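Below you'll find the structure, written out as structure tokens, and then a few comments.
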Amino acid sequence: MLNFGGTMEGHIYIKGLIGSVRDEQGKVTERGVELADVISQVQALKGIPTIICHINSEGGFVDVGKKIAEYIASIPNLITVAEDLCASMGTEIHLAVPVERRKIVAGTRYVIHQPMLSFTKGVSLNSTQLAEMGDDILGTEKEMLAMYTKSTGLDKTALDLLMKQADPLTPEQCKQFGFVSEILPASPVKAVALITPKQKTNTNDMSKFIDELKALSTLVKTALAGKEVKKIALTCKMIALDLTTID
């Protein structure tokens with residue numbers, strides 16, 4: 001988890017699909033992040049002056065994303081952080097606050113693109129319906145282009161071409177183009193070893209236990225550095241290793 005150094009800060013998360021997929025009967029077939037989910041997280045942090053909104057999303061439904069972005073924009077001192085993947089409607093939520101409160105984590109893929117239509121399997125449309133949907137999607141595209149232009153200050157033609165290209169922007173490009181004000185370092189690899197020594201540990205046993213702990217620590221550091229490691233003999237009754245990587 002990213003730490004911004006403040007003791008009075010809370011964290012909310014927008015992860016995965018924005019909005020839920022429903023079938024023809026309106027039944028949810030894939031649960032996504034809804035406006036109510038975001039409001040609930042914020043309400044649980046009442047009284048905390050700074051809120052960090054972590055966004056790791058491939059995007060989703062335009063109407064849901066716009067409502068979440070509008071709500072995020074209304075919260076004072078909220079900082080948005082793009083992590084791992086921030087695409088499509090995820091970027092609109094990320095850009096809902098002023099640039100000085102927009103961050104991105106190193107290595108994050110930031111994707112802006114033209115809006116797309118998604119059809120339920122088996123749905124058929126006539127030419128009139130397709131034309132109407134085409135008008136709708138063009139309207140949405142213009143709105144998104146205007147939003148990107150206002151949020152970044154980048155030339156409209158440049159943004160239009162970037163949306164058509166749809167290649168991920170690097171954090172460095174995001175900063176250069178005005179999407180963010182700061183690139184945050186990725187969370188470091190963290191290894192935690194929990195060791196339970198044998199019962200009735202005397203002074204000699206404790207000394208041996210400490211030596212084994214040091215040996216295990218060296219082994220883990222060597223493994224994380226990508227170097228070859230040798231087996232070590234341990235007499236501890238139980239070892240549990242929890243390894244968390246950037247991925």
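The values are calculated or read from the model by the stated rules, or taken from the named source; none is laboratory data. All values reported here derive from a predicted model rather than from experimental measurement. Note: ideal-geometry Cβ built from the backbone for every residue, glycine included; neighbour counts use all protein chains shown. All accessible areas refer to the heavy atoms of the entire protein, side chains included, with ligands and DNA or RNA removed. Shrake-Rupley method; radii C 1.70, N 1.55, O 1.52, S 1.80 Å.
With one equal scatterer per alpha carbon and no solvent term, the Debye-computed log10 I(q)/I(0) for region 1-96 at 0.14, 0.15 1/Å reads -0.49, -0.56. For the pair residue 46 and residue 22, a Förster radius of 45 Å applied to the C-beta separation gives a FRET efficiency near 0.90, rounded to the nearest 0.05. Distance between the modelled labels on residue 158 and residue 170, one decimal in nanometres: 1.6 nm (7 Å Cα→Cβ projection).
Only protein heavy atoms count here; on that basis, with a 1.4 Å probe, residue 33 has an accessible area of about 20 Å².
Expressed in nm to one decimal, what extension gain is obtained for the pair residue 221 and residue 31 from 0.36 nm per residue of sequence separation less their Cα-Cα distance?
My answer for the length gained is 64.4 nm.
Expressed as a whole percent, the accessible area of region 1-110 that falls on carbon and sulfur atoms is 54 (1.4 Å probe). Extension gain, residue 214-residue 182: 0.36 nm per intervening residue step, less the Cα-Cα distance, totals 7.8 nm. Counting only protein heavy atoms and using a 1.4 Å probe, the accessible area of residue 63 comes to about 90 Å².
In terms of distances greater than 25 angstrom between alpha carbons, the cross-link table entries 66/150; 46/142; 46/67; 27/142; 46/103; 66/156 yield 46/142; 27/142.
The trypsin sites (Lys or Arg not before Pro) of region 40-94 that meet both conditions, a loop assignment by DSSP and at most 15 other Cβ atoms within 10 Å of the site Cβ, are 46. Measuring with a 1.4 angstrom probe and ignoring ligands and nucleic acids, residue 181 comes out at about 40 Å² accessible.
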